[in-house]
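Read the structure below first, then the notes.
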Amino acid sequence: MNTDILEGKWKQIRGEIRETWGELTDDELDQIAGKRDKLAGTLQEKYGWSRDEAERQIDDFLTKFDVPDRV
């Protein structure tokens, strides 16, 4: 995926991310700052998911915001 697109839309979708994954704190969202790999890693830690599951969850979430899947 084009990470620039996620980073560019980060402020727009941040609230939706918080709503979807309510265990993420504002500090963690600040640290993630639109970086897909950081988001996936944080989701793994918070929810105990595998990397593949975290990536799948992110892909599913991003389809709502017209952000292309990773390549």
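What does the accessible area per residue of segment 17-65 come to in Å², with a 1.4 Å probe and no ligands, DNA or RNA counted? Don't skip to the answer; put the middle values down first.
Values: 2710 Å² over 49 residues.
Per residue, segment 17-65 has an accessible area of 55 Å².
What distance in nm separates the two pseudo spin-label positions at Arg56 and Glu7, each 7 Å out from Cα along the beta-carbon direction?
2.9
Under 18 Å Cα to Cα from Lys38, which lysines show up? Leave out anything in the same chain fewer than 8 places away.
The qualifying lysines are Lys9, Lys11, Lys46.
Go through segment 7-15 residue by residue and turn each phi into a ³J(HN,Hα) via Karplus (6.51, -1.76, 1.60, θ = phi - 60°); whole Hz please, and just put x for glycine and proline.
4, x, 9, 3, 5, 6, 9, 4, x
The values are calculated or read from the model by the stated rules, or taken from the named source; none is laboratory data. Model, not experiment: these values are computed from the prediction. Every residue, glycine among them, receives a Cβ derived from its backbone with ideal geometry; neighbour counts consider all protein chains shown. Keep in mind that these areas ignore ligands, DNA and RNA; they rest on the heavy atoms of the full protein, side chains included. Shrake-Rupley method; radii C 1.70, N 1.55, O 1.52, S 1.80 Å.
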